[in-house]
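The values are calculated or read from the model by the stated rules, or taken from the named source; none is laboratory data. Please read these numbers as outputs of a predicted model, since none were measured by experiment. All Cβ positions, glycine included, derive from the backbone under ideal geometry; neighbour counts span all protein chains shown. Accessible surface is based on the protein model in full, side chains and every heavy atom, while ligands, DNA and RNA are left aside. Shrake-Rupley method; radii C 1.70, N 1.55, O 1.52, S 1.80 Å.
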Amino acid sequence: MLLRQIQYFQAVIRNNSFTEAAEEHHISQSAISQQIQALEQELGVKLLERKNRKFNMTPAGEHFYKRSLVLTADLERLCCETVRLSHRNKARLNIGYLRCYGGGEFHAAVAEFSSRYSDVDLNIINGNHEDLYDALRFGKVDLVLNDQRRTFSDEYVNLKLAEIPCFIELSPHDPLSELDGVEIADLKNTPCVLVASEDQRENERAYYRDAVGFRGEFQFAETLQDARILVASGRGVMPIEGAADSVFFGSALKRIPLTRDGEQVRRTYCAFWRKDNPGEYMEPFAALLKAQFKNNDDSH
């Protein structure tokens, strides 16, 4: 039995909808339905009675739902307490950032923080949106730089950093590179290159297809560097955020604005951390990060 399957089941009940639960977790409706069926098969009981497009919890399902909420809450607390215990008496800040973000603000904030707080050990990870969300929930990181895909939660400090303009990176030999900008609808026959670990590919595919609007094929790379190699070799275009002139790879790639109905697509980026985290360094780092975003915005 996978924890993820239990979370999917909770989301279906919480939203009273398979469709909304799938959107919350950025997977397809059929995928979330299959996962809940797998959970029922492993338990050997029916959790939901389905009729047409509606469903009701069985008595077993209602019991499982209520007890699973206690289980997952206890698990989150256990993970947070374990991490905090291991870091007791250490000055340490654990940070996560979105691996596909193409701007330089995060690295500049890390450099400034390390200069000001040289006695604090920085531990930095990267991941896709869902990786970072789970890492923050379970206490593996103290703060994350992430894009906003969910409604803000009262359990977290949700510091909006900036609305970042979206671009595509593409080969300078691609005819599209001659344009001043490209409509997302005009990329329906162009492969979209995304940075994602294997277990997050379906989440990223669903988000960029359903929320952003890419309709072509998708190709995946494990790192931003590998993705740019695919783009440079003419295998597709890569959506990315940041300034148009924040690219440092010479003539190998070109970056042009991504538009929808004539307006440049924008994404909201935030710093998130738990309100119940007693650490003292999240706010100083977040302030430096926000300052970097502001400086870049003012310079453009």
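Condition first: closer than 23 Å to N128 by Cα and not aromatic (F, W, Y). Now tell me which residues in the range 265-282 satisfy that.
V265, R266, R267, T268, C270, A271, R274, K275, N277, M282, listed by residue number.
Can you tell me which condition E20 does not meet? The list is (1) open to solvent by 20 Å² or more (accessible area, probe 1.4 Å); (2) more than 25 Å from D210 (Cα to Cα), and all the others hold.
All conditions pass for E20, except number (2).
Based on this model, can you work out whether S171 counts as over 20 Å from the mean Cα position of the chain (by Cα), farther than 21 Å from A211 by Cα and surrounded by fewer than 18 Cβ atoms within 10 Å (Cβ to Cβ)?
Taking the combined requirement at face value, the residue does not satisfy it.
Restricting the search to the range 1-17, which residues are free of Cβ contacts under 8 Å to residues at least 24 places away in the same chain and in a helix (DSSP H, G or I)?
Within the range 1-17, A11, R14, N15 qualify.
Any residue in the range 242-253 that is modelled with pLDDT under 95 and outside any loop (DSSP other than H, G, I, E, B)? Walk me through it before giving the result.
So the first thing to find is which residues in the range 242-253 are modelled with pLDDT under 95, and the list is 242-253.
Narrowing further to those that are outside any loop (DSSP other than H, G, I, E, B): none.
No, every residue in the range 242-253 fails to be modelled with pLDDT under 95 and outside any loop (DSSP other than H, G, I, E, B).
Quick check: anything in the range 18-26 outside any helix (DSSP H, G or I) and either under 20 Å from the mean Cα position of the chain (by Cα) or under 21 Å from R201 (Cβ atoms) (or both)? Full working, then the answer.
We begin by selecting, within the range 18-26, every residue outside any helix (DSSP H, G or I); these are 26.
Narrowing the set further to residues that are either under 20 Å from the mean Cα position of the chain (by Cα) or under 21 Å from R201 (Cβ atoms) (or both) leaves 26.
Yes, the range 18-26 has at least one match.
What number of residues in the range 129-155 are without any contact (Cβ under 8 Å) to a residue 12 or more places away in the chain and hydroxyl-bearing (S, T, Y)?
The number of residues fulfilling the criteria is 2.
Which of the residues spanning the range 97-114 are open to solvent by 30 Å² or more (accessible area, probe 1.4 Å) and either of a type in the set (D, E, K, R) or modelled with pLDDT under 90 (or both)?
R99, G104, E112 - these are the residues of the range 97-114 that are open to solvent by 30 Å² or more (accessible area, probe 1.4 Å) and either of a type in the set (D, E, K, R) or modelled with pLDDT under 90 (or both).
Do you know which residues across the range 42-57 are at pLDDT 90 or above and assigned to a strand (DSSP E or B)?
L48, E49, F55, N56, M57
For the range 97-114, name all the residues that are assigned to a helix (DSSP H, G or I) and in contact (Cβ under 8 Å) with a residue 12 or more places away in the chain.
Of everything in the range 97-114, those that are assigned to a helix (DSSP H, G or I) and in contact (Cβ under 8 Å) with a residue 12 or more places away in the chain turn out to be E105, F106, A108, A109, V110, E112, F113.
Give me the residue from the range 116-128 that is part of a loop (DSSP other than H, G, I, E, B) and touching a residue at least 12 places away in the same chain (Cβ under 8 Å) and, out of that set, most open to solvent (accessible area, probe 1.4 Å).
Restricting attention to the range 116-128, the residues satisfying the condition of being part of a loop (DSSP other than H, G, I, E, B) are 117-120, 128.
Keeping just the survivors that are touching a residue at least 12 places away in the same chain (Cβ under 8 Å) gives 117, 119-120, 128.
On the way: Y117: 66, D119: 109, V120: 15, N128: 1 Å².
Result: D119.
Within the bounds of the range 31-41, is there any residue that is more than 21 Å from the chain's Cα centre (by Cα), over 30 Å from V141 (Cβ atoms), part of a strand (DSSP E or B) and not hydrophobic (A, V, I, L, M, F, W, C)?
Within the range 31-41, not a single residue is more than 21 Å from the chain's Cα centre (by Cα), over 30 Å from V141 (Cβ atoms), part of a strand (DSSP E or B) and not hydrophobic (A, V, I, L, M, F, W, C).
Could you please find all residues in the range 199-208 being open to solvent by 30 Å² or more (accessible area, probe 1.4 Å) and touching a strand residue (DSSP E or B) at 6+ places or on another chain (Cβ under 8 Å)?
Scanning the range 199-208 gives R201, R205.
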